[in-house]
Amino acid sequence: MGIVVQKYGGTSVASVERIRRVAERVAALHSRGKPCVVTVSAMGKTTDQLIELARQVSSRPPAREMDMLLTTGEQVSIALLAMALAERGVRVRSLTGWQAGIITDAIHGKARIQGIDTRMIRGCLDRGEVVIVAGFQGKTPEGEITTLGRGGSDTTAVALAAALEAEVCEIFTDVTGVFTADPRVVPRAGKMEEISFEEMLELAHLGAGVLHPRSVECAMKYRVPLVVRSSFVEEPGTWVKEAKDMETTRNVRGIAHDMHVARIKVLGLENRIETLSRLFGILGDAHINVDMIVQSEHDAERIDVAFSVSEDEGEMAKEVIEAHREELGYLKVLYETGLAKVSAVGAGMVSRPGVAAKMFATLTDAGIRIKMVSTSEIKISCVIPRDRAVEAVRELHSAFGLDVAGAEMVGATTTKVRE
Ligand code: ASP
Ligand code: MG
């Protein structure tokens, strides 16, 4: 019988009461004879609290020790969920990421899964046990403990589903599916019944927090049937699937936003043939993810390069560039925070001209300054001042005809945006 992999996020296991509810759900599935593997995140805001603790003892905690600390969060929730299931008479075993055979590379804080040795899990399933696996963690071949980056439990679940050739990977969360925009920001956002892997990957990369980007990459690569649904209400959720199985009638399917963008400008770089490769090579060696890049002429001998990064990597990017000043040969480096990125995403936009024009016109009409732009076949992104981002997302959502009439109340319990 096909294996079912389920993942429950932090809010779904935020309290003992909620853990009991998850246990009920899993017990019901198990009683229907389904082999189940369940991945859980740390309870509620545990990971944030652990990061805060680390900050109190160290201004720059070693990445290895950070992983040692953060992995404890998931260990609490797997043990409690296993106890709650055992209490119901269900045969169950909780496993840490390393016990479950999840092998990663050695980049602490954002390790990538290299492979999963599923023997331990399969052994448990063969004995009829429910297997609970700690999300977001693994170990290197040398035995060091690693984490997969914030939100990484989704990736644990999808990778397990791929390795076990599961019939489905269900991501249970606090929203009912994937929306055309963050419903906390756009009350008129609507839930999508389905979305292609490509579109979901863009949305995830662009800051739609509902799925960890690497989980979508992994699902796409291994063709894992993936569904995002609510652990609180019984609703069908959103299926993420191959584009060829879908009918897309809209050019723009969703508006994403990322509130944490920083921009770095490196002015007056000597214009040598290897300049760009050196600059971005240095950033790559420091494991900094560069997003948009704009190059322009400074004068006859020099160029300016501006690029955007996630705000939490901004300071570090600046420091790395400053540390290589001699070698890079530039005049000045400028650092700007307080920015956001808004993006329109849709596989259908390749074949329809005018999407970019409409996006720029919408922002311009609202008096919002566009600081950087990037495009791909299925998305257009603009970096804008953060204090205008909420307005921008709402305007774009209406302009592209995505507003759902009478949907004011959908998920609109809070309009606060994480700052
Ligand atoms: N607990 C981790 C985090 O908060 C992993 C996850 O929730 O997916 O980022
Ligand atoms: Mg998440």
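Of the residues making up region 106-138, those that are more than 16 Å from ligand 1 (Cβ to nearest atom), open to solvent by 40 Å² or more (accessible area, probe 1.4 Å) and of a type in the set (D, E, K, R) number 5.
Residue-wise test of (1) within 30 Å of GLY115 (Cα to Cα); (2) in contact (Cβ under 8 Å) with a residue 40 or more places away in the chain; (3) part of a strand (DSSP E or B).
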residue	(1), (2), (3)
ALA157	yes, yes, no
LEU160	yes, yes, no
CYS169	yes, yes, yes
GLY177	yes, yes, no
PRO183	no, yes, no
PRO187	no, yes, no
ILE195	yes, yes, yes
MET200	yes, yes, no
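If you go through region 86-105 one residue at a time, do you hit one that is of a type in the set (A, V, I, L, M, F, W, C), under 22 Å from the mean Cα position of the chain (by Cα) and within 14 Å of ligand 1 (Cβ to nearest atom)? Yes, region 86-105 has at least one match. Within region 139-154, the set of residues being in contact (Cβ under 8 Å) with a residue 60 or more places away in the chain and more than 8 Å from ligand 1 (Cβ to nearest atom) comprises GLU144, ILE145, THR146. Scanning region 329-364 for residues that are in contact (Cβ under 8 Å) with a residue 24 or more places away in the chain, of a type outside the set (Gly, Ala, Ser) and open to solvent by 30 Å² or more (accessible area, probe 1.4 Å) yields a total of 9.
Candidates in region 32-52 are the residues that are away from ligand 1 (no atom under 11 Å from the Cβ) and without any contact (Cβ under 8 Å) to a residue 12 or more places away in the chain; of these, the one that is most open to solvent (accessible area, probe 1.4 Å) is ARG32. Can you find a residue in region 219-230 that is touching a Ser or Thr at 6+ places or on another chain (Cβ under 6 Å) and not β-branched (Val, Ile, Thr)? Within region 219-230 (the criterion being touching a Ser or Thr at 6+ places or on another chain (Cβ under 6 Å) and not β-branched (Val, Ile, Thr)), the answer is yes, since at least one residue qualifies.
When you check ASP174 against the structure, is it of a type in the set (Asp, Glu), at pLDDT 95 or above, under 29 Å from ARG32 (Cα atoms) and within 14 Å of ligand 2 (Cβ to nearest atom), yes or no?
No.
Does at least one position in region 60-72 carry a residue that is away from ligand 1 (no atom under 16 Å from the Cβ) and modelled with pLDDT under 95? Yes. Of all residues in region 155-165, those satisfying the criterion of being of a type outside the set (A, V, I, L, M, F, W, C) and within 13 Å of ligand 1 (Cβ to nearest atom) are THR155, THR156.
Give the residues of region 175-189 that are open to solvent by 10 Å² or more (accessible area, probe 1.4 Å) and either farther than 12 Å from GLU235 by Cα or more than 16 Å from the chain's Cα centre (by Cα) (or both), sorted by residue number.
Residues of region 175-189 that are open to solvent by 10 Å² or more (accessible area, probe 1.4 Å), as a first pass: 175-176, 179-180, 182-184, 187-188.
THR176, PHE179, THR180, ASP182, PRO183, ARG184, PRO187, ARG188 - these are the residues of region 175-189 that are open to solvent by 10 Å² or more (accessible area, probe 1.4 Å) and either farther than 12 Å from GLU235 by Cα or more than 16 Å from the chain's Cα centre (by Cα) (or both).
Candidates in region 139-155 are the residues that are within 16 Å of ligand 2 (Cβ to nearest atom) and either out of contact with any Leu (no Cβ under 6 Å at 6 or more places or on another chain) or part of a loop (DSSP other than H, G, I, E, B) (or both); of these, the one that is most open to solvent (accessible area, probe 1.4 Å) is ARG150.
The values are calculated or read from the model by the stated rules, or taken from the named source; none is laboratory data. Worth saying up front: this structure is predicted, and the values here are computed from it rather than measured. Note that we place each Cβ from the backbone using ideal geometry, even for glycine, and neighbour counts take in every protein chain shown. Surface accessibility is based on the protein's heavy atoms, side chains included, excluding ligands, DNA and RNA. Shrake-Rupley method; radii C 1.70, N 1.55, O 1.52, S 1.80 Å.
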